[in-house]
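A.B. asks: Structure provided below as structure tokens; questions to follow.
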Amino acid sequence: PSPGTLCRTKPTDLVFIIDSSRSVRPHEFEKIKVFVSRVIEVLDVGPNATRVGVVNYASAVRSEVSLQSPQGKAALLQAVRRIQPLSTGTMTGLAIQFAVSRAFSAAEGGRGSAPGFKKVAIVVTDGRPQDGVQDVSARARAAGIEIFAIGVGRVDMGTLRQMASEPLDEHVDYVESYSVIEKLTHKFQEAFCVVSDLCATGDHDCEQVCVSTPGAYRCACRDGFSLNSDGRTCTACNGGLGSALDLVFLIDGSKSVRPENFELVKKFINQIVDSLEVSDKQAQVGLVQYSSSVRQEFPLGQFKNKKDIKAAVKKMSYMEKGTMTGQALKYLVDSSFSAINGARPGVPKVGIVFTDGRSQDYISDAAKKAKDAGFRMFAVGVGNAVEDELREIASEPVAEHYFYTADFRTISKIGKKLQMKICVEEDPCECKAIVKFQTKVEDLINSLQQ
């Protein structure tokens, strides 16, 4: 949809104050007119909506369009096209004074005192004013006029800052030449769009839930439904069971991990287990520890609920020998995800490999085999883990499937990110439960930080 249909502008009295002094060449002045027209095109113009005025200045000041001129879009655009440059000096202060005393006055159609109306001036200039702008701009701002200052080319930045409203970084813009002034169009289109709640105004075509964003919206679905690819309609999730998932953790128990860190790794595993819906129809979890040898702590589906899985994780004892990651990956492919060990056919398989150092054996073949088998592999490295190994283990896109942190204490942060990612993206229905859990956690954290 064109920006116009998505933008409800707050009722505003908007006056453009444009510099047409000698230094502005005729073809450059045309560019200013295009910029003004583009901004007008997206506004809700009309006698009770946004009214537009245009003040043209050089050594003298001329009102080209007043706030009480006919406020149809076509009429305004035509009036802007007709404006001719004055081609004399640069009396910017005088032009701002004229805006305050005349252009925004009630006699000229200004609605200044009415509640809910904004007064906005956009000044476009390319020079140094031959008069003062500081005091007159301060008076204009005190009268409730919000001033945007746009400088072009060899403009004096100091005067722009004296004119503009606070915060300056939102109200002062600079472009190197008139030929690129149009790139500011978008900024002003956004600035005038009311953080309009298009959902509330009914300007949307969402089947179930409309989520408002400034000047735009997106559709969402109620619990138990997923959004279709058209971004608009919803389909019921079958049975709403949440995610069916076979998840196996492959945990490095080599001696470099150290006992207190091994406890943190268990917490990390349980943090992820917490975010799953565990049952024989939904997520199953298996756990394998490896060091110089490989040990299955428990296979997929042995424990039917979170409580039992977490208890088994806590009980896991620590092997404290070498680091045979390749052998462990081979075990994952050949045994963990086999039907004998509880894996369910047709259910997505996810492996989370955790290591803190370089493997003492060769990992490439087994890593490739895991990915070729369609397993979704995440690699989590801590401390001395080798990034190339992590990348080799991780599924595509690699950046989303491998994580590294220098310190065991920060692995819970990785756990958070993983909760979101484990979710099987092909079917949004399956992700709902995890995403819901995730937002709950984030809300809690945010409320604590307030």
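A.B. asks: Here is a list of conditions, (1) on the phi < 0 side of the Ramachandran plot; (2) free of Cβ contacts under 8 Å to residues at least 24 places away in the same chain; (3) open to solvent by 30 Å² or more (accessible area, probe 1.4 Å), and PRO348 meets all of them except one; can you say which number that is?
C.D. replies: Checking PRO348 against (1) on the phi < 0 side of the Ramachandran plot; (2) free of Cβ contacts under 8 Å to residues at least 24 places away in the same chain; (3) open to solvent by 30 Å² or more (accessible area, probe 1.4 Å), the one that fails is (2).
A.B. asks: Continuing with the same structure: How many of the residues in region 279-310 are under 15 Å from PHE249 (Cα atoms) and either open to solvent by 10 Å² or more (accessible area, probe 1.4 Å) or part of a loop (DSSP other than H, G, I, E, B) (or both)? If you could, list the steps in order and put the result at the bottom.
C.D. replies: Pass one, region 279-310, residues under 15 Å from PHE249 (Cα atoms): 283-291, 294-303, 306, 309-310.
With either open to solvent by 10 Å² or more (accessible area, probe 1.4 Å) or part of a loop (DSSP other than H, G, I, E, B) (or both) added as a condition, the list becomes 284, 291, 294-297, 299-303, 306, 310.
Total meeting the criteria: 13.
A.B. asks: Working carefully through the options ARG391, ARG409, ARG376, find the one that is within 15 Å of VAL248 (Cα to Cα), open to solvent by 20 Å² or more (accessible area, probe 1.4 Å) and under 34 Å from the mean Cα position of the chain (by Cα).
C.D. replies: On the way: ARG391 fails: within 15 Å of VAL248 (Cα to Cα); ARG409 fails: within 15 Å of VAL248 (Cα to Cα).
Exactly one of ARG391, ARG409, ARG376 is within 15 Å of VAL248 (Cα to Cα), open to solvent by 20 Å² or more (accessible area, probe 1.4 Å) and under 34 Å from the mean Cα position of the chain (by Cα), namely ARG376.
A.B. asks: Pull up region 249-276, narrow it to residues that are assigned to a helix (DSSP H, G or I) and of a type in the set (A, V, I, L, M), then point me to the one that is farthest from LYS306 (Cα to Cα). Write out each step before concluding.
C.D. replies: Step one: filter region 249-276 for residues assigned to a helix (DSSP H, G or I), giving 255-257, 259-274.
Still in the list and also of a type in the set (A, V, I, L, M): 257, 264-265, 269, 272-273.
Working: VAL257: 25, LEU264: 18, VAL265: 17, ILE269: 11, ILE272: 10, VAL273: 7 Å.
Ranking the candidates gives VAL257 first.
A.B. asks: Another question, then. Here is a list of conditions, (1) more than 23 Å from GLU260 (Cβ to Cβ); (2) at pLDDT below 95, and LEU329 meets all of them except one; can you say which number that is?
C.D. replies: Tallying (1) more than 23 Å from GLU260 (Cβ to Cβ); (2) at pLDDT below 95, LEU329 fails exactly one: (2).
A.B. asks: So is SER66 in the same structural domain as ALA164 (by the TED database), surrounded by fewer than 20 Cβ atoms within 10 Å (Cβ to Cβ) and not hydrophobic (A, V, I, L, M, F, W, C) or not?
C.D. replies: Working: in the same structural domain as ALA164 (by the TED database): yes; surrounded by fewer than 20 Cβ atoms within 10 Å (Cβ to Cβ): no; not hydrophobic (A, V, I, L, M, F, W, C): yes.
Spelling it out, it is not the case that SER66 is in the same structural domain as ALA164 (by the TED database), surrounded by fewer than 20 Cβ atoms within 10 Å (Cβ to Cβ) and not hydrophobic (A, V, I, L, M, F, W, C).
A.B. asks: Let me ask something else. It is to be established whether one or more residues within region 264-275 are open to solvent by less than 10 Å² (accessible area, probe 1.4 Å), out of contact with any helix residue (DSSP H, G or I) (no Cβ under 6 Å at 6 or more places or on another chain) and within 19 Å of ALA379 (Cβ to Cβ).
C.D. replies: yes
A.B. asks: So for region 284-305 (the condition being at pLDDT below 85 and touching a helix residue (DSSP H, G or I) at 6+ places or on another chain (Cβ under 6 Å)), does at least one residue qualify? Please lay out each step first, then the result.
C.D. replies: Going through region 284-305, the residues at pLDDT below 85 turn out to be none.
No, that holds for no residue.
A.B. asks: May I ask you to verify whether ARG111 is under 38 Å from the mean Cα position of the chain (by Cα) and farther than 21 Å from SER59 by Cβ? Let's see the steps before the verdict.
C.D. replies: Numbers: under 38 Å from the mean Cα position of the chain (by Cα): yes; farther than 21 Å from SER59 by Cβ: yes.
Taking the combined requirement at face value, the residue satisfies it.
A.B. asks: Another question about this same structure. How many of the residues making up region 20-36 are open to solvent by less than 20 Å² (accessible area, probe 1.4 Å) and not aliphatic (A, V, I, L, M)?
C.D. replies: Here is the first cut: in region 20-36, the residues open to solvent by less than 20 Å² (accessible area, probe 1.4 Å) are 20-21, 24, 29, 32-33, 35-36.
The next check asks that each one be not aliphatic (A, V, I, L, M); those that pass are 20-21, 29, 33, 35.
Residues in region 20-36 being open to solvent by less than 20 Å² (accessible area, probe 1.4 Å) and not aliphatic (A, V, I, L, M): 5 in total.
The values are calculated or read from the model by the stated rules, or taken from the named source; none is laboratory data. Bear in mind that the values here come from a model prediction, so they are computed numbers and not experimental data. For neighbour counting, all protein chains shown are included, and Cβ atoms are generated from backbone atoms with ideal geometry for every residue, glycine included. Side chains included, ligands, DNA and RNA excluded: accessible areas come from the protein's heavy atoms. Shrake-Rupley method; radii C 1.70, N 1.55, O 1.52, S 1.80 Å.
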